[in-house]
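Notes for the one structure printed next.
Any read-out appearing in this document is the output of simple, stated calculations on the displayed coordinates, not a laboratory observation. Note that this is a predicted model, so its numbers are computed, not measured. No Cβ is skipped: glycine too gets one built from the backbone with ideal geometry, and neighbour counts run over all protein chains shown.
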Amino acid sequence: MKQIEITYDDRISRQFIAASIIFGLVGMLVGVLAAAQLSFFQANLGTSFLSFGRIRPLHTNAVIFAFVGNMIFAGIYYSTQRLLKARMASDLLSQFHFWGWQAIILAAAITLPLGITQGKEYAELEWPIDLAIAIVWVAFAVNFFWTLARRREKQLYVAIWFYIATILTVALLHIVNNLSLPTSMTHSFPVFAGVQGALVQWWYGHNAVAFFLTTPVLGIMYYFLPKAAERPVYSYRLSLVHFWSLIFIYIWAGPHHLLYTALPDWAQSLGMLFSLMLWAPSWGGMLNGLLTLKGSWGKLRTDPVLKFFAAGVTFYGMATFEGPLLSIKSVNALAHYTDWIIGHVHAGALGWNGFMAAAMFYWMVPKLYGTKLYSRALADMHFWLGTFGIILYVVAMWVSGVTQGLMLKAVTASGALQYPSFLETLEAVKPFYMMRLIGGSFYVIGFVLMIYNLWKTVKSGAPVEARLTVTEPEAVAHVPAGRLVFSKPIAIIFVMLGLLLGFATRNHGHWVVYLVALAITCVVAYAWSPREGDYSWHRMLEGKAFLFSAFTLLAVLIGGIVEFVPALALKQAVPTENAQRPYSALELAGRNIYVREGCYTCHSQMVRSLVGDTARYGEASKPEEFIYDMPYQWGSKRTGPDLHRLGGRYPDLWHYQHMLDPRATSPGSNMPSYAFLKDAVLDTNALATNVRTMQALGVPYPAKAVLEAEAQARTDGERIAAGLKAQGADVAANSELTALIAYLQSLSSKEKANVSSGISRAE
């Protein structure tokens, strides 16, 4: 048989590791600055570029896509070549992927502080960058699947399964969620509005966490943890159940971010149900990882790599327990919009992703440079500093979130709000913001120790090009595709889907029959599932990369279609009576400024159907009140009060003073000053383009609205400026502050008190 020597391309992994470490430090330092700004408003430094609303998305994008993104690419390139016994198909595509991804990160680092943003969480980057992401991702996918086709290892190992799911699903999520209509090179409006936009965004947002921060890191766990422990994965069967159930269930869970909102009840209940179902596969994966360490407990006490792996997998288990818990409606009513959610997110980001990255780096770098880790003692110190920092951070946010949630819900014996001012809750949680700042700082100090340790490790060695001599595999007996497609497991899947559909559309009280039949089917499916050592149906599927990928995509699409297709009809289902009226040209410009400044990072525009919300902010929000909101601005965290019913509540002078000095109107506020908006001149050239684009997206502006946009905005601005001048406040009619005031006064206000819209109800 023919012997072939393979030289792996490890340069690409070294490059991605270096980029991950550099951008990880930058992202974490920006996070420390953001935490400082919440404790000390002066830390906004009096500049628009470094205000909290602009750097918070910079922090999240840097940590998610720069730090974790580069880390998973390093792990995928390293492990894929060894699992497939093949060099990556194209060095050119690998380098295009690396440099293209770094260019995207740099573009994000420039545009987000400049306020160039779509205003959608985890999807803030504007359309030219989104297009670049799609191109680079396709290059990565082509290289990966091309290598898959040229592999010399017939069977696909479990890590490859998770990589396949990641590549296919992230492409789907990114393309759908970022469909938009540009107004310029630096601005666009999304095609989905209001309730529809919220559902699509959290279909993307939740699954970006699932398929960018979870599934590829699970693939890394399945490869690197057994390597570090020098033991096989605990259970092949458990990994099989973990993979298929996770990718099928995860895609349905997005609506749990929108409980008690204007989203239809069926979507909320569906999101909660599938979120609770996630407990099983997530904990199955956690147990598979931890039990792989069984028999290595002695080594665990002395090996920092195993410490980081064990802690990272444990944080995965904790985060995936907490996520479904937070999707339970009664718990969500307390936790949503509070710091509890921030603690939950960072337990996953710092504990699961951060510790898995550290473990992988400490294991890989010495091998990539043919040397030993410079200092185990420094790695141990990093571990304990990081662990202390995470625990302090998360506990602070748990306590802060529960405190805030209870205070916002508290009522007196007479039914009145016990804490009517939102600022009372902010004052109560400020000590916990300091704890978060301290905890995050400890984590960053540990990260700096890792950088120093790895740098000294690299300096003590030299780049190694790993080689492997393999024997060309003999021809494997062909398995007809029909035997795989038309098989018992596939039949069981369709039976289960039919039963689920029947349960979802049950009537006449026969729901018990569906549940019993579903339970019986699950037992039968378990009995027929592959056993250890069997060359089973799934073993045959693992030998067919294209078919495996097709089944993976199908598993994801089922949930996506069931959830997404009804979302397309939501706009038509929303009642038109008493619906939101289109924004005037000046209001629309003010809304763009609101989005640019990242106000959604602290304020929501969604009054939930909870006593605390309705008593504090007014009538619960309705779907028809958002039909022209592109992007929607429901928010995900309240560091300040909800704004949906703000229109007409305060005079223009209050808004003017609040923007110049928030403490003048709201003592104790940690909101940054937006005094720079007073002197910033509104871009009037964009007014007509904005209205025309919204028209193209279905907003019923009259034909004259585009032609008269600039004149109408001037008239409205002059009215606001004249009213303010009469009260001693001097501001130009074409100031950005004037436009923002116009927008804030328009919120949920059918008839404008201070601004002429130029669009009557009759029109």
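Amide H to amide H, with H built 1.01 Å from N, Y157 comes under 5 Å of no residue 5 or more places away or on another chain. Helix content alone sets the calculated 222 nm mean residue ellipticity of the chain: runs of n ≥ 4 DSSP H residues at -39500 (n - 2.57) each, divided across all residues, give -20500 deg cm²/dmol. Report, ordered by chain and residue number, the aspartates and glutamates lying within cross-link reach of K329, taken as a straight Cα distance under 18 Å and ignoring same-chain residues fewer than 8 apart. Excluding near neighbours in sequence, the set is D265, D339, D613. Taken over the range 311-371, the alpha-carbon convex hull comes to 66 cubic angstrom per residue. Our analysis of the range 583-667 gives Rg over Rh at 0.95, with the two radii drawn from alpha carbon positions and Rh computed by the Kirkwood formula. Of all DSSP beta bridges confined to the chain, the antiparallel ones make up roughly 90%.
Counting other Cβ atoms within 10 Å as a rough exposure proxy, the listed residues F626, F383 run F383, F626 from fewest neighbours to most. For T183, the residues whose amide H sits under 5 Å from its own are S188, F189, ignoring neighbours fewer than 5 places away on the same chain, with H placed 1.01 Å from N.
Counting neighbouring beta carbons within 10 Å and listing from fewest to most, the residues V611, V233, V200 come out as V611, V233, V200. When you count the other C-beta atoms within 10 angstrom of each residue and take the mean per peptide, 46-56, 653-663 line up highest first as 46-56, 653-663. What number, in percent, do you get for the relative contact order of the chain if the mean sequence gap of Cα pairs under 8 Å and at least 6 apart is divided by its residue count? It rounds to 16 percent for the chain. The mean sequence distance of close C-alpha pairs (under 8 Å, at least 6 residues apart), as a share of the length of the range 600-676, puts its relative contact order at 31 percent.
The residues V217, V706, when put in order of fewest to most other Cβ atoms within 10 Å, stand as V706, V217. Taking the C-alpha atoms only, the angle from helix 709-725 to the longest principal axis of the chain is near 60 degrees. If you model the range 1-134 as an ellipsoid using its alpha carbon gyration tensor, with each semi-axis the square root of five times an eigenvalue, the axes come out at 37, 15, 10 Å, biggest first. How are the C-alpha pair distances of the chain spread across 10 Å bins, as whole percents from the shortest bin up? Per 10 Å bin, starting at 0, the Cα pair percentages come out as 3, 13, 23, 25, 19, 11, 5, 1, 0, 0. Divided by 2.2 N^0.38 Å, where N counts the residues, the Cα radius of gyration of the range 585-746 comes to 1.05. P(r) tail, the range 370-455: Cα-Cα pairs separated by more than 22 Å, 48% of all pairs. By the rule of a C-alpha distance below 18 Å, with chain neighbours fewer than 8 residues away ignored, the lysines paired with K294 are K227, K307. Under 12 Å of direct C-alpha separation, and excluding same-chain neighbours fewer than eight residues apart, K154 reaches these aspartates and glutamates: E472, E474, E542.
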